[in-house]
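Just below is one structure, and these are the notes that go with it.
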Amino acid sequence: MFDPIEKLKEYVRHPSVSADPQFKQGMVGAQEFVSGLLKEIGLAVEVVPTGLHPVILGKREGDPKWPHVIIYGHYDVQPPDPIALWQTPPFEPTIKGERMYGRGTADNKGPLMVHFAAVARLLAKHPDLPLRITFVVEGEEEIGSKNFKTFLLANKEKLRGDFVYLSDTGIPSPEQIVITVGLRGMLAFEVEFSGPKSDLHSGLHGGVLMNPLQALAELCASLHTPDGRVNIPGFYDAVVEPELWERAELKKLGLQEKPYAEFLGIKEFHTPPGYTPFEAIRFLPTLEFNGISGGYQGEGTKTVIPAKASVKITCRLVPNQTPENVKDLVFKAIQARCPKGVTLVIKEQHHATPYIAIPPDRSNTPKDQSPILARGFRAVDEAITEVWGRPPLYLREGGSVGLIADLKQVLGIDAVMMGLFLPEDNLHAPNESFHLGVMKKGIEASEKMLTKLAKG
């Protein structure tokens, strides 16, 4: 019998951190686990090499007239650092109450297990179900899906589906499911400032040269206005105001600012004028500083002027912006504002294109939307309503899943994204966990959704 909780425990025990070569064996273990699980379900499995970590395909073939759904997930996870803040070992799954704790439980091993279990149960009950299914499980999502587009281009004939179905997005509470209809894109880069040829004594040489840390601080301070807007000419030119139905859907959540501030641990919000915090994280682009380094970082004092300083920056982008256009604007502004006396180098990292899909029955539903995509949206809506006792909400999300735009560009297919992780699941942070009640209902809803899709 397919026990999803025990399977998830086994899955989480593989420390599949794609960003760190020290976890190579964990990546291999997770890949082999997923391949074995797909074979156990009864699918034909192919492990496709890439420039780094392979992509796993699990296919259920059938009549070409049957609907074909692509189910996406990823087997890599974020690094567990800082280890000292974990209350349980990050790669030893631990159940407390309704939660399973461990790195990757919510992002994305738990949600992906929902769909593994749903398909296993579905095919056991209905071995002749008229539905083609292809699982696509990659190992580089947490490092920007570096090789995924190349994989898609090389394998697009194998992946001719009707839409992609996934759960790598969030929900506000265990009682309210959200179908994510938009994702912000991302542009990630690092700016390095170089000054003297080596660190200098700040007493003997201070006051005669531009300190790379000061240059960094001055430049960073110039990139925002006091009201929170990004201070780069043209940055907002492509931004389109959200539709009225989007604002109305968001209001249905009944979110309150005070509890949100308490959850974040802040005293006040810092959002651009005209937007609530809940609108800002979904509808507006950003420029954020993710890390600053330079000079002495240890205990006590070391009186030096550092030879180098750097800052890691990400821009979150909204539909109609592109990483290429925003990169041109941002990089030119940074280069123009570099203080004299230091040398600046910009190191590009990964990027992702924004994505949005309008569900059926909205005022501006595209006339060219495929009937099978509309059928997929209605199937998941009905399934969620039956299982949770209330319909899902259709909202954009502030995060990025860059491969979704790649799927659209290369394969021409859209996505149905059923959110399953919660704010308190601590994605990318210590003590990550997954709500087992959501998992149980998610399996039931996913099974119903695929059944409805097959039966039309």
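The values are calculated or read from the model by the stated rules, or taken from the named source; none is laboratory data. Every value quoted in this text rests on a predicted model; they were computed, and no experiment measured them. Counting neighbours? That spans all protein chains shown, and the Cβs are built from the backbone with ideal geometry, glycine included.
Quick notes
- Meets criteria (of a type in the set (Asp, Glu), free of Cβ contacts under 8 Å to residues at least 60 places away in the same chain and either part of a strand (DSSP E or B) or closer than 25 Å to residue 427 by Cβ (or both)) for residue 128: no
- Condition met for residue 34 (crowded, with 22+ Cβ neighbours inside 10 Å and within 22 Å of residue 114 (Cβ to Cβ)): yes
- Filter result (among the polar types (S, T, N, Q) and either in a loop (DSSP other than H, G, I, E, B) or within 30 Å of residue 21 (Cα to Cα) (or both)) within region 140-190: 145, 147, 150, 155, 167, 169
- Residue satisfying all of: in region 172-230; of a type in the set (Lys, Arg) and surrounded by 14 or more Cβ atoms within 10 Å (Cβ to Cβ); nearest to the chain's Cα centre (by Cα) among these: 184
- Matching residues, region 205-262, being under 26 Å from residue 326 (Cβ atoms), touching a residue at least 24 places away in the same chain (Cβ under 8 Å) and in a helix (DSSP H, G or I): 212, 215, 216, 218, 219, 220, 246, 247, 250
- Within region 342-456, helices (runs of 4 or more DSSP H) holding 3 or more residues that are under 26 Å from residue 277 (Cβ atoms): 402-411
- When we screen 253, 216, 244, 264 for residues that are in the same structural domain as residue 338 (by TED's automatic domain parsing), among the aliphatic types (A, V, I, L, M) and out of contact with any helix residue (DSSP H, G or I) (no Cβ under 6 Å at 6 or more places or on another chain), the only hit is 216.
- Residues being assigned to a helix (DSSP H, G or I) and farther than 30 Å from residue 253 by Cα are entirely absent from region 99-116.
- Being of a type in the set (Val, Ile, Thr), free of Cβ contacts under 8 Å to residues at least 24 places away in the same chain and surrounded by fewer than 12 Cβ atoms within 10 Å (Cβ to Cβ) is a property that holds for residue 301.
- The condition of being among the hydroxyl-bearing types (Ser, Thr, Tyr), in contact (Cβ under 8 Å) with a residue 24 or more places away in the chain, in the same structural domain as residue 94 (by TED's automatic domain parsing) and closer than 30 Å to residue 192 by Cα holds for residue 400.
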